[in-house]
Each structure stands twice: as C-alpha cells, then as structure tokens.
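Have a look at the structure below, then the notes.
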Amino acid sequence: MIRNHLSTIIITIITATLGVIAAISFGKMHHPEELFPGDGLTGKVMLSDYFEGIKGTNGDTEVYLFDSGVEGGTALVCGGAHPNEAASFLSTVVILENLSVTCGRVFIIPRLNNSAFTCSDPMEGFPASYEIPTKSGTRRFRLGSRVTNPLDQWPDPLVFSQYPSNQQLSGFETRNINRSYPGRPNGNLTERIAYAIVQLIDKEKVNIAFDIHESSPEVPIVNVIVYHEKYEEVAMGAILGLEMAGLQFSPETSPKNFHGLSHREWGDYTNAIPFLMETSNPSMGRLRGRTDVDLVLRGYCDNYKKAKETGALRIAYREETGEPIAHRVGRHIAGVVELINSYNLYYPDNQIVIENLPDYEMIMEKGVGEFLNN
Amino acid sequence: MKTRISTIVTILILFFAGSSLLAQKFEQPVLISSAGQSADVKLVKMLAQRQDLNATTVLMAKSEDLTGFKTLVIVPGFSSKGLGAAGISQQDELERVRSLINAANDLKIPIVLMHIGGNARRQGQSDSFNQLVADNSKFMLVVKQGDEDGFFSSIARAKNIPLTLVEKIAESAEPLGNLFK
Ligand SMILES: [Zn+2]
C-alpha cells in the first residue's frame with residue numbers, strides 16, 4: 001500500500017520543502033536591511049507620524065533626523081522613490097551613515113516608496129539584491145521595483161487619472177510615487193504615501209528637498225538637475241559649482257503641465273525648493289545586455305558603446321569607464337552638497353551647514369563601501 | 001611728401017585694421033533666446049548678468065521681440081522637458097527659431113551662438129538647432145566638450161566665423177562680456 005504511494009509521498013515532501021524555502025526567501029523581501037546611521041543622528045520617526053493613514057501598511061517608512069541644535073534651515077533628502085534605481089537608495093544611505101550637521105536640520109528618507117522595495121519589476125530580469133564590500137565585510141541591499149508592490153495596491157485602472165490635475169497616464173503609473181504628488185488622504189496607498197511626504201515637508205517647514213533618481217542612458221533626461229522655475233538661481237549656481245569640480249550636470253526646468261512629479265508638486269504645494277537629480281544607469285536601459293549584479297554595480301555595457309557610436313541618439317554613457325556605482329553615488333552626493341551651498345548663498349537667514357560627506361574623488365578612489373558603517 | 005604718404009598709408013592701415021576689429025564687436029542691448037528650449041539659456045542669462053550686460057532673456061523670442069536690440073545671442077540645445085514646459089513640439093520650435101533668425105538677418109542684427117551644454121546638448125535632437133544657429137552666426141562661443149568631434153569648428157572654418165572655445169561654462173563669461181567692450 002505504502003509502496004504504491006511512496007513516490008507520491010516523496011514528491012509531496014520535496015515540493016513542500018522547496019515551497020517552504022521559496023516562501024522564506026520571498027518573505028525576506030518584506031524585511032528591510034538594517035542601516036547604520038552616523039553619530040550625528042538625533043531622531044528617528046516613521047512617516048506615518050505625519051499622516052496616520054499609512055500606519056501599519058508597507059508604505060510606512062523610516063524618517064531619520066539630524067538636528068544640529070543651531071537655528072537654521074531644514075533640508076529633506078529622499079532616496080528610493082524608485083527602488084530599482086540602486087544609486088538613489090545607496091546615495092541616501094551613504095549620506096545617512098556619514099552626515100553631520102552643524103547648522104539647521106536634515107531629514108533623510110532612504111526608502112521613499114517602501115512598498116516598492118518588497119518586489120521587483122516583472123519581465124525585467126533584475127537581480128533581487130546586490131552586495132557592496134565594506135571595511136568590515138559586505139552589505140547586501142535589495143533592488144526593488146519602480147512602483148508600489150501590487151500586493152499592496154491592486155488592481156491598476158486601465159487609465160490613471162492623476163489627482164488633482166486629471167492628467168491621463170497609463171494605468172501602471174497609478175503605483176508610481178513620482179506621479180502621485182501632492183497625494184490625497186483618502187486615495188490609494190501610493191497617493192497616501194505622497195500625501196504623507198507633503199505633510200512632512202509642510203509640518204517641518206522644509207526649505208530644500210531632494211528626490212534622487214537614476215534613468216536609462218538613452219532617455220533625454222539624464223545627468224541632470226531638474227528644478228522648479230521659482231528657484232532657477234539656486235540650480236544655476238550649483239551647476240556652475242559642480243562644473244568647477246569637474247562634474248557636468250545639465251539644468252532642466254520642471255514642465256508646468258506635467259503633473260504628479262516631486263519637482264513640480266513639492267514646489268507648487270509646499271514652501272520647499274525641490275530638486276530632482278538623475279544619473280545614468282545602464283542596467284535600466286532598453287538596450288542593455290545581460291542584466292546582473294555586475295551591470296547594476298559596474299555599469300558597463302558594450303551595447304551602449306555601440307549605440308553611442310551610431311550617433312542616432314544622445315546616449316549618456318562613457319565608453320571607457322561605463323557608469324559605475326561609485327560614479328553615480330559620487331555625483332548625487334556632490335549634487336546635494338553643491339545645491340545646499342548654492343541655497344545658502346540665496347537664503348543666508350536659513351543656513352544649512354552639512355559636513356563629513358565624502359566628495360566625488362574620494363568615492364571614486366575608495367569605493368562606496370568605504371563609506372558604509374559596518 | 002613721402003612722410004605724408006606714409007602717414008596716410010599708416011592711417012589707412014590703422015583704419016582697416018580697426019574696422020576689421022570693429023566687425024568683431026557687438027553692441028548692446030542684447031536679446032538672449034533659446035533654440036530648443038534647454039535650460040542652458042538660464043545659465044547664459046546668469047553669466048550675462050555677472051558681466052553687467054544690458055541683456056533681456058526671452059525664451060521663445062519672436063521677430064517682434066527684436067525691436068530695440070542690437071545683438072541676438074542664441075543658446076542652442078534640445079530639451080524635451082523644456083519643450084514640454086513651453087507646450088510646443090520640436091517642429092514648432094524649429095519654425096520659431098528659423099523665423100527669428102531670418103528677421104534678425106533682415107534687420108542686420110548680428111547673431112552670437114553660445115553653446116555651453118557640452119555633449120548633453122549635441123547630436124540627437126540638438127544638432128538640428130546647433131546647425132541652424134551656427135550657420136547664421138557672426139560669432140561662436142562654445143564650451144569645448146560640445147566640439148569634441150569638431151562640429152562647431154568645422155562650420156566656423158567653412159563659413160569663416162570667429163569661434164572661441166573655452167574649457168568650462170564659467171570661463172565663457174569673460175569672452176561673452178568682451179564681445180561688447
Ligand atoms: Zn526614478
């Protein structure tokens with residue numbers, strides 16, 4: 001009798017074991033990796049402290065505070081709006097783990113769309129995580145999705161009608177936090193996260209706010225600082241400063257009629273001066289080859305070299321070196337520093353003085369891992 | 001007699017030398033405009049301010065806007081965000097630039113090309129604007145990275161247009177100011 005069923009039993013046990021292993025691995029995606037803020041940290045709250053409506057959801061996320069105790073301005077640095085953009089999250093982590101503030105305050109949100117860190121984009125073949133060697137070992141980080149996890153917000157409408165502009169976008173963009181600002185308290189999860197961020201900016205009287213991104217080498221908006229038209233001078237001052245440091249950024253005005261984006265709505269709905277920066281990430285591009293951790297971190301892909309040689313499109317890709325993670329993180333941190341420097345010139349009454357962040361050359365020389373605690 | 005002739009010759013030489021130098025001078029007030037709506041034009045506006053130029057920036061200047069100006073500075077470079085902000089197509093923008101250039105040529109208002117965006121404002125959709133403005137300019141001021149393939153220098157050579165190349169955007173402020181001194 002047992003003999004008759006033996007193969008069934010064995011197959012069942014093997015399947016169950018594999019199922020449990022897969023479930024554990026899948027479950028891990030919902031556990032964020034530990035971060036190790038530097039000594040300057042003075043507080044940590046949750047985004048839901050600014051808006052109850054996201055409490056207990058995967059959209060809730062940590063907000064770190066560095067308060068110098070000296071009266072000044074307030075900055076907000078956000079990474080992970082799109083968790084498939086490795087340098088976005090990682091730049092924020094490097095800032096979090098090194099920053100010290102001697103005037104004013106700095107808020108940091110490393111996982112702006114926390115829900116999107118818990119899944120990856122289907123059909124893209126992205127690795128689930130990547131590792132960075134550090135001084136004392138290696139740190140593993142999740143590579144997430146561009147949009148909110150469908151387990152947290154489903155289904156998508158056929159056409160997304162952006163609130164409150166009514167601008168029509170593809171249904172998928174319903175889960176894109178950077179199309180959801182200013183958000184609304186009774187909206188879908190993504191809109192509620194967006195609303196919570198706007199509440200934080202308002203309540204904490206944020207003066208300058210950063211939204212850090214990456215994009216494909218072939219899109220027109222890459223290696224840029226996108227600025228709100230009200231704050232043109234701050235952007236231009238920073239671009240000249242960055243150029244003197246050997247880093248070229250192109251200025252881009254936020255289009256008035258393209259809604260839901262941080263650089264538009266934070267500027268329209270709050271008193272903050274918003275900036276969005278993009279680096280070139282070949283692992284996100286349509287022309288990429290094999291999509292693995294090496295491509296995410298080394299950013300080297302021959303297809304882009306070939307594409308650039310055709311001259312058909314403008315391609316933001318450096319043939320010799322590729323677009324390695326140190327270069328991308330280094331650019332973002334330099335961008336934050338120079339924009340704050342430029343802001344300080346125009347707003348001397350609300351100074352923000354930040355220290356101890358590695359500069360571009362240091363990150364290029366020593367690697368990102370050197371500037372991660374643990 | 002001999003001294004007289006030599007004096008006249010000297011004066012004539014000085015006169016022609018002077019006028020050829022004068023040909024490279026431009027007069028204020030200056031109208032600054034974009035071709036392709038990249039925000040680089042905002043940087044040029046800032047540089048012009050730092051050089052104390054009597055300059056007005058009109059992103060989408062039309063022929064009528066030329067009234068009262070003695071020099072037109074055009075900053076070419078394509079930006080989809082910029083065109084989006086202006087709510088116009090690339091074709092509309094090309095048409096606008098073409099008619100602005102034609103009007104300036106009719107009014108004998110010299111055009112200065114200022115390309116500061118490096119390779120970010122080259123190739124792809126930028127070069128149609130770069131070409132159009134370069135072909136019609138009386139002077140070109142270009143940040144070197146934008147001329148790595150010799151795009152601007154070959155136009156300058158072919159059309160005998162003076163070209164100044166600088167390493168960095170910030171270094172373009174002085175030569176810009178000098179055009180009007
Ligand atoms: Zn992004």
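Can you name every residue in the range B:96-136 that is within 14 Å of chain A (Cβ to nearest Cβ), touching a Pro at 6+ places or on another chain (Cβ under 8 Å) and part of a helix (DSSP H, G or I)?
Hits for the range B:96-136 are B:R121, B:S126, B:F129, B:N130.
Pairs please, first residue from the range B:36-56 and more than 8 Å from chain A (Cβ to nearest Cβ) and farther than 21 Å from B:F26 by Cα, second anywhere and of a type in the set (A, V, I, L, M, F, W, C) and assigned to a helix (DSSP H, G or I), Cβ atoms under 7 Å, 6+ apart in sequence or on different chains.
What qualifies is B:G36/B:F129; B:Q37/B:L83; B:Q37/B:A86.
Output the qualifying pairs, or none if there are none: Cβ atoms under 7 angstrom, residues six or more apart or on different chains, first residue in the range A:217-245 and under 18 Å from B:G77 (Cα atoms) and β-branched (V, I, T), second residue part of a helix (DSSP H, G or I) and open to solvent by less than 20 Å² (accessible area, probe 1.4 Å).
Short answer, once both residue conditions are applied: A:I225/A:A235; A:I225/A:A238; A:I225/A:I239; A:I225/A:G335; A:V226/A:H263; A:I239/B:L43.
Quick check on my filter: what residues within the range B:69-95 are under 21 Å from the mean Cα position of the chain (by Cα) and within 8 Å of chain A (Cβ to nearest Cβ)?
Those that are under 21 Å from the mean Cα position of the chain (by Cα) and within 8 Å of chain A (Cβ to nearest Cβ): B:F78, B:S79, B:G82.
Let me confirm something: among A:R139, A:R146, which residue is of a type in the set (D, E, K, R) and under 13 Å from the mean Cα position of the chain (by Cα)?
The unique qualifying residue is A:R146.
Would you point out the residue of the range B:46-96, among those that are among the acidic types (D, E) and touching a helix residue (DSSP H, G or I) at 6+ places or on another chain (Cβ under 9 Å), that is surrounded by the most Cβ atoms within 10 Å (Cβ to Cβ)?
Result: B:E93.
Yes/no matrix, rows are residues, columns are (1) over 18 Å from A:A209 (Cβ atoms); (2) in contact with a strand residue (DSSP E or B) (Cβ under 6 Å, 6 or more places away or on another chain); (3) small (G, A, S):
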site	(1), (2), (3)
A:T42	yes, yes, no
A:V45	no, yes, no
A:G72	no, yes, yes
A:A75	no, yes, yes
A:A87	yes, yes, yes
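Tally up the residues in the range A:214-233 that are among the polar types (S, T, N, Q) and either touching a Lys or Arg at 6+ places or on another chain (Cβ under 9 Å) or more than 12 Å from the ligand (Cβ to nearest atom) (or both), please. Even if it seems obvious, please write down each step before you answer.
Within the range A:214-233, the first condition is being among the polar types (S, T, N, Q), and the residues that meet it are A:215-216, A:223.
Okay, now just the ones that are also either touching a Lys or Arg at 6+ places or on another chain (Cβ under 9 Å) or more than 12 Å from the ligand (Cβ to nearest atom) (or both), so A:216, A:223.
So the count comes out to 2.
Taking only the range A:220-276 into account, find how many residues are assigned to a strand (DSSP E or B), closer than 25 Å to A:H327 by Cα and away from every other protein chain (no Cβ under 11 Å).
2
Which is in the same structural domain as A:D60 (by TED's automatic domain parsing) and under 29 Å from A:N341 (Cα atoms), of A:N149, A:N166, A:N113?
Working: A:N149 fails: under 29 Å from A:N341 (Cα atoms); A:N166 fails: under 29 Å from A:N341 (Cα atoms).
Only one candidate passes the filter, namely A:N113.
Do the conditions hold for A:G19, that is, is it over 23 Å from A:C103 (Cα atoms), away from the ligand (no atom under 16 Å from the Cβ), open to solvent by 20 Å² or more (accessible area, probe 1.4 Å) and in contact with a Pro (Cβ under 6 Å, 6 or more places away or on another chain)?
In short, no.
Scanning the range B:57-68 for residues that are away from every other protein chain (no Cβ under 14 Å) and of a type in the set (S, T, Y), which turns out nearest to B:E27 (Cα to Cα)? Lay out the reasoning, then the answer.
Our first condition is that a residue be away from every other protein chain (no Cβ under 14 Å); within the range B:57-68, this holds for B:58, B:61-68.
With of a type in the set (S, T, Y) added as a condition, the list becomes B:63, B:67.
Numbers: B:S63: 18, B:T67: 14 Å.
If we take residues in the range B:57-68 being away from every other protein chain (no Cβ under 14 Å) and of a type in the set (S, T, Y), then B:T67 is nearest to B:E27 (Cα to Cα).
For the range A:349-370, name all the residues that are under 25 Å from A:V206 (Cβ atoms) and either open to solvent by less than 70 Å² (accessible area, probe 1.4 Å) or modelled with pLDDT under 95 (or both).
The answer is A:N350, A:Q351, A:I352, A:V353, A:I354, A:L357, A:P358.
In this structure, does A:V198 turn out to be within 21 Å of A:V94 (Cα to Cα), in a helix (DSSP H, G or I) and touching a residue at least 12 places away in the same chain (Cβ under 8 Å)?
no
So which residues in the range B:64-98 are hydroxyl-bearing (S, T, Y) and under 15 Å from B:G36 (Cβ atoms), if there are any at all?
Within the range B:64-98, B:S79, B:S80, B:S89 meet the criteria.
Out of all the residues in the range A:76-93, is one or more within 16 Å of the ligand (Cβ to nearest atom), open to solvent by 20 Å² or more (accessible area, probe 1.4 Å) and either at negative phi or part of a helix (DSSP H, G or I) (or both)? Before you say what the answer is, go through the steps one by one.
The first filter runs over the range A:76-93 and keeps only residues within 16 Å of the ligand (Cβ to nearest atom), leaving A:77-92.
Add one more test, that the residue is open to solvent by 20 Å² or more (accessible area, probe 1.4 Å), and what stays is none.
No, the range A:76-93 has no match at all.
Looking only at the range B:137-162, which residues are open to solvent by 30 Å² or more (accessible area, probe 1.4 Å) and within 14 Å of chain A (Cβ to nearest Cβ)?
Within the range B:137-162, the first condition is being open to solvent by 30 Å² or more (accessible area, probe 1.4 Å), and the residues that meet it are B:138, B:144-145, B:148-149, B:151, B:154, B:157-160, B:162.
Within the range B:137-162, B:K144, B:Q145, B:E148, B:D149, B:F151 meet the criteria.
Just one of (1) touching a residue at least 40 places away in the same chain (Cβ under 8 Å); (2) open to solvent by 30 Å² or more (accessible area, probe 1.4 Å) trips up B:D106, so point out which.
Of (1) touching a residue at least 40 places away in the same chain (Cβ under 8 Å); (2) open to solvent by 30 Å² or more (accessible area, probe 1.4 Å), only one is false for B:D106: (1).
One residue is enough: does the range A:32-45 have a residue meeting the conditions touching a Leu at 6+ places or on another chain (Cβ under 9 Å), assigned by TED's automatic domain parsing to the domain that holds A:T92 and open to solvent by 70 Å² or more (accessible area, probe 1.4 Å)?
Within the range A:32-45, one or more residues are touching a Leu at 6+ places or on another chain (Cβ under 9 Å), assigned by TED's automatic domain parsing to the domain that holds A:T92 and open to solvent by 70 Å² or more (accessible area, probe 1.4 Å).
Sort out which residues of the range A:305-327 are open to solvent by less than 30 Å² (accessible area, probe 1.4 Å) and within 23 Å of B:S128 (Cα to Cα), and write them in order of number.
Answer for the range A:305-327, where residues must be open to solvent by less than 30 Å² (accessible area, probe 1.4 Å) and within 23 Å of B:S128 (Cα to Cα): A:A307, A:G311, A:I315, A:A316, A:Y317.
The values are calculated or read from the model by the stated rules, or taken from the named source; none is laboratory data. Please read all numbers here as calculations on a predicted model, not as lab measurements. Positions of Cβ are generated from backbone atoms using ideal geometry, with glycine treated the same way; all protein chains shown enter the neighbour counts. Just so you know, the surface numbers come from the protein's heavy atoms only, side chains and all, with ligands and any DNA or RNA stripped out. Shrake-Rupley method; radii C 1.70, N 1.55, O 1.52, S 1.80 Å.
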